[in-house]
1. Being touching a strand residue (DSSP E or B) at 6+ places or on another chain (Cβ under 6 Å) and either surrounded by 17 or more Cβ atoms within 10 Å (Cβ to Cβ) or at pLDDT 95 or above (or both) narrows it down to one residue among 100, 62; which is it?
2. Within region 111-123, is there a residue that is closer than 23 Å to residue 11 by Cβ, at pLDDT 95 or above, in contact with a Phe, Trp or Tyr (Cβ under 9 Å, 6 or more places away or on another chain) and aliphatic (A, V, I, L, M)?
3. Would you pick out the residues in region 24-75 that are part of a helix (DSSP H, G or I) and aromatic (Phe, Trp, Tyr)?
4. Does any residue of region 23-35 turn out to be within 22 Å of residue 1 (Cβ to Cβ), touching a strand residue (DSSP E or B) at 6+ places or on another chain (Cβ under 9 Å) and open to solvent by 40 Å² or more (accessible area, probe 1.4 Å)?
5. Among the listed residues 94, 74, which satisfies the condition of being open to solvent by 70 Å² or more (accessible area, probe 1.4 Å), touching a residue at least 40 places away in the same chain (Cβ under 8 Å) and under 21 Å from residue 13 (Cα atoms)?
6. List pairs: first residue in region 102-127 and farther than 24 Å from residue 42 by Cβ, second residue modelled with pLDDT of 85 or more and surrounded by 12 or more Cβ atoms within 10 Å (Cβ to Cβ) anywhere in the structure, Cβ distance under 7 angstrom, at least six positions apart or on different chains.
7. Suppose the filter is among the hydrophobic types (A, V, I, L, M, F, W, C), part of a helix (DSSP H, G or I), out of contact with any Lys or Arg (no Cβ under 6 Å at 6 or more places or on another chain) and open to solvent by less than 20 Å² (accessible area, probe 1.4 Å); does residue 88 pass it?
Amino acid sequence: MLVKYRKDYEKVAMGLLSFIPDFKDLTHLQTEMQWYQSTEDHQLLLWRQGDGDFCGIIGIEVGSDFILLHHDSLSPEERTAANQYQMLDELAALYPKQRVMGTLEMAPIIGAWERNRDKQPTTTNHH
């Protein structure tokens with residue numbers, strides 16, 4: 001389940017973002033956290049399975065007809081393609097009118113997710 005970032009999630013969010021190599025440097029990480037908190041159209045969403053602890057995070061920019069994925073990170077023990085795709089599925093469900101896209105760095109992940117989604121059987125079957 002994706003949950004919108006709140007100030008009391010800061011330590012968890014920073015911990016999850018620190019798995020991204022660019023954010024090993026605390027100063028860079030703090031700058032990025034401020035960037036996400038400074039405007040409404042930049043958002044951090046934390047992810048957890050069921051009632052578990054947060055184990056993933058995505059950083060997005062919300063546009064009028066797109067969602068741009070800037071960052072995504074999962075804790076090492078949860079780092080699977082299935083979990084990554086589930087986070088993106090939930091993101092797409094949160095913003096049904098916008099197309100999920102990725103920055104240059106995130107584009108391969110979005111591409112893999114879209115190909116995976118195209119292979120999934122549609123859930124509109126009526127039994």
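1. So the residue among 100, 62 that is touching a strand residue (DSSP E or B) at 6+ places or on another chain (Cβ under 6 Å) and either surrounded by 17 or more Cβ atoms within 10 Å (Cβ to Cβ) or at pLDDT 95 or above (or both) is 100.
2. Just the residues of region 111-123 that are closer than 23 Å to residue 11 by Cβ, to begin with: none.
Scanning region 111-123 turns up no residue that is closer than 23 Å to residue 11 by Cβ, at pLDDT 95 or above, in contact with a Phe, Trp or Tyr (Cβ under 9 Å, 6 or more places away or on another chain) and aliphatic (A, V, I, L, M).
3. So the first thing to find is which residues in region 24-75 are part of a helix (DSSP H, G or I), and the list is 24, 26-38.
Listed by number, the residues that qualify are 35, 36.
4. Checked region 23-35: no residue is within 22 Å of residue 1 (Cβ to Cβ), touching a strand residue (DSSP E or B) at 6+ places or on another chain (Cβ under 9 Å) and open to solvent by 40 Å² or more (accessible area, probe 1.4 Å).
5. Details: 74 fails: open to solvent by 70 Å² or more (accessible area, probe 1.4 Å).
On inspection, the qualifying residue turns out to be 94.
6. So the pair list comes out as 116/85.
7. Values: among the hydrophobic types (A, V, I, L, M, F, W, C): yes; part of a helix (DSSP H, G or I): yes; out of contact with any Lys or Arg (no Cβ under 6 Å at 6 or more places or on another chain): yes; open to solvent by less than 20 Å² (accessible area, probe 1.4 Å): yes.
Here the answer is yes, as residue 88 does meet what is asked.
Yes/no per residue for (1) basic (Lys, Arg); (2) open to solvent by 30 Å² or more (accessible area, probe 1.4 Å); (3) within 11 Å of the chain's Cα centre (by Cα):
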| position | (1), (2), (3) |
| --- | --- |
| 12 | no, yes, no |
| 17 | no, no, yes |
| 45 | no, no, yes |
| 84 | no, yes, yes |
| 111 | no, no, no |
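The values are calculated or read from the model by the stated rules, or taken from the named source; none is laboratory data. Please read all numbers here as calculations on a predicted model, not as lab measurements. Please note: Cβ atoms are built from the backbone with ideal geometry, for glycine as well, and neighbour counts cover all protein chains shown. Surface accessibility is based on the protein's heavy atoms, side chains included, excluding ligands, DNA and RNA. Shrake-Rupley method; radii C 1.70, N 1.55, O 1.52, S 1.80 Å.
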